[in-house]
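Note sheet for the following structure.
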Amino acid sequence: MLPQLTAAAAHQLGLFTAAQARAAGYTNAERRARLKQGDWQVLRRGIYAERQTVLAVATSPYGRHRLEAWRACSMSCSSTTGSRLRRSRSGCR
């Protein structure tokens, strides 16, 4: 993953948005290719994680709990994905 996207994902439980991928330099075609190759996984529309992140979470009860809590928070915090990610870091306030 490009360094800018890696940095963004590191602050968001390993998750990133399509907008963040574009801002980091990925084209839509590159994003689709990474999804098709299985390098990235779709968690929700426009929200992704690297395959390794998803596998690590799947083997950890604590990791699954954190991801589910983030998903629940992202659904209830805000109508914009970027705000959801910012708010997830602050505990959905």
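Using just the Cα positions, wrap the range 1-75 in a convex hull and report its mean projected area in square nanometres, one decimal place.
Details: hull surface 18.7 nm².
Quarter of the Cα hull surface area: 4.7 nm².
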- line: In debye to the nearest 20, the charge dipole size for the range 1-49, taken about the Cα centre with +1 at each Lys and Arg Cβ and -1 at each Asp and Glu Cβ, equals 200
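Quick note: the coordinates plus some simple rules give every number you see, no bench work behind them. No experiment lies behind these values; they were computed from the predicted model shown. Cβ: placed from backbone, ideal geometry, glycine included. Neighbour counts: every protein chain shown.
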